[in-house]
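To keep things clear, I will list the structure first and then write my remarks on it.
The values are calculated or read from the model by the stated rules, or taken from the named source; none is laboratory data. Being a predicted model, the structure only gives us computed values, none of them experimental. Counting neighbours? That spans all protein chains shown, and the Cβs are built from the backbone with ideal geometry, glycine included.
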Amino acid sequence: MTMQTNPQSKAPTHTVYYLKAREGSDKQQWIKVGIAWEHGDKEGLNLLLNTLGQDNALTVRRNKPKPD
């Protein structure tokens, strides 16, 4: 069982951006596409991404070595 933060319980800890190349510029445009909450155990994030008008919930966890 993992200790994960409930996304509805507090404000997001991170913002998710899509970096889009700008024509004629070496700087990229930062477009906000979602928000994220860090898990209580600091081993991952819950993400809520808004793409093409749909909210998509994802969970990201740190890779851990597999036992031999």
Restricting to strands (runs of 3 or more DSSP E) lying wholly in the chain: which have 2 or more residues that are touching an Asp or Glu at 6+ places or on another chain (Cβ under 9 Å) and at pLDDT 95 or above? 44-51
Going by the structure shown, is L19 in contact with a strand residue (DSSP E or B) (Cβ under 9 Å, 6 or more places away or on another chain), of a type in the set (A, V, I, L, M), surrounded by 13 or more Cβ atoms within 10 Å (Cβ to Cβ) and free of Cβ contacts under 8 Å to residues at least 60 places away in the same chain? no
